[in-house]
1. Quick check on residue 172: is it within 24 Å of residue 47 (Cα to Cα), modelled with pLDDT of 95 or more and in contact with a Lys or Arg (Cβ under 7 Å, 6 or more places away or on another chain)?
2. Return the pairs, sorted by first residue and then second, in which the second residue is among the polar types (S, T, N, Q) and part of a loop (DSSP other than H, G, I, E, B), the first residue lies in the range 209-220 and is within 17 Å of residue 182 (Cα to Cα), the beta carbons are less than 8 Å apart, and the residues are 6+ apart or on different chains.
3. Going by what's in this entry, would residue 254 be described as of a type in the set (Phe, Trp, Tyr), assigned to a loop (DSSP other than H, G, I, E, B) and within 19 Å of residue 290 (Cα to Cα)?
4. Given (1) without any contact (Cβ under 8 Å) to a residue 40 or more places away in the chain; (2) surrounded by fewer than 20 Cβ atoms within 10 Å (Cβ to Cβ), where does residue 286 come up short, assuming only one miss?
5. Just one of 154, 147 is assigned to a loop (DSSP other than H, G, I, E, B), over 20 Å from the mean Cα position of the chain (by Cα) and in the same structural domain as residue 216 (by TED's automatic domain parsing); which is it?
6. How many residues are among the β-branched types (Val, Ile, Thr) and either in a helix (DSSP H, G or I) or within 25 Å of residue 262 (Cα to Cα) (or both) if we restrict to the range 311-370?
Amino acid sequence: MQVLSDHLSRRDFLKAAGALAASAAVCPRLLDADQPADRNPHEARYYDVLDGNAVRCGLCPWGCVVPDGGRGRCGVRENRGGHYFSLVYGFPVALNNDPIEKKPFFHVYPQSRAFSIATVGCNIHCKFCQNWDISQAKPEDARVEFRAPEDIVRMALALKEKPRTIAYTYSEPTIFFEYMADCAKAARSAGLGNVVVSNGFIAEAPLKELCSLVTAIKIDFKAFNDRFYEEICEGRLGPVKETLKRLAGSGVWFEIVVLTIPTLNDNLDEIRRMAAWISKELGPNVPLHFTRFHPDYKLRNLPPTPVETLTEAREAAMAEGCNFVYTGNAPGEGGQNTFCPSCKAVVIDRYGFSSRAVGLRNGRCARCGAPIPGVWD
């Protein structure tokens, strides 16, 4: 979902937002150009004060040292006199009631809705980002009405198709951590779950807190080589691998998605190494999704991923011991169904964002009784 863009004129932005309002469950309320957002900054967490009123951010692995008056690498956290503030707390630029399969989560509350929110900003900069117009935007671009965490929950509960979870998604939720944490607490108090879609570039302490608040986490695993992370994402692979290992020991359900890009991260030997690492270090039952790339943002020169590439990646990962491997953005290909690892029966049948639990009974295969891990009820 794309809402804001610093490349759009005001007229084009309003036109796009109007189209969004017609199709989305909820649309952010836009402010006029001469109407300033009521942006009272919210004090950030996970930072230390240094000499000269500088601060060191402890939210993500960059550990930005930010001078007085400066901002962190994400662009949405600002040092004001030795106090660090979030500039996006309470300003969601995207609000939509999505199928949970769209995130994608395939082992979490099938055929339920996830009320999805995002602010602007990200702590890495992927050249293929499908939501670049919000992930790479600045807080000043988010001319939307303030929404307290309680407002988000009330909006979710008022929807005709009541969601089962709040999803923190579209941009990188780590950079709006304080808002996400407060929304998650309010949602949990109201009987709603919480799911997070993240790049995994988060420090250990905030990740531990996040795990105590959420139902499930999906990690976008960009590739299994450092060069891809450095050159294509302006990030680092090592911290993401550490996040995944911490999740494996946390007890929180998590799934992994690899956007498979022609010539950049679709090498089968690399995919085999990745799958072997996942199976050994994280466990064979972690769902692994290979999704189809479509040209966008700064990678418009590459073609869409051939469906055959996804199929080969899926087969290679299963051969390395991964039990639940899926293909995405390719409806009808057949790689979206969940199969019982024991008897190979279809337990969940999917097409696009629709799913049917045709062979799942109380978290087990209806044919042979083998457990199918996930968050089912």
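1. no
2. Qualifying pairs under 8 Å: 211/250.
3. Spelling it out, it is not the case that residue 254 is of a type in the set (Phe, Trp, Tyr), assigned to a loop (DSSP other than H, G, I, E, B) and within 19 Å of residue 290 (Cα to Cα).
4. Among (1) without any contact (Cβ under 8 Å) to a residue 40 or more places away in the chain; (2) surrounded by fewer than 20 Cβ atoms within 10 Å (Cβ to Cβ), residue 286 violates only (2).
5. 147 is the lone residue from the list that is assigned to a loop (DSSP other than H, G, I, E, B), over 20 Å from the mean Cα position of the chain (by Cα) and in the same structural domain as residue 216 (by TED's automatic domain parsing).
6. Result for the range 311-370: 3.
So that you can scan it fast, the table gives a plain yes or no per residue for (1) crowded, with 16+ Cβ neighbours inside 10 Å; (2) more than 16 Å from residue 292 (Cα to Cα); (3) not acidic (Asp, Glu):
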site	(1), (2), (3)
304	no, no, yes
311	yes, no, yes
315	no, no, no
344	no, yes, yes
348	yes, yes, yes
353	no, no, yes
359	yes, yes, yes
362	no, yes, yes
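The values are calculated or read from the model by the stated rules, or taken from the named source; none is laboratory data. Quantities reported herein were computed from a predicted structural model and do not represent experimental measurements. With ideal geometry, Cβ positions are generated from the backbone for all residues, glycine too; neighbour counts draw on all protein chains shown.
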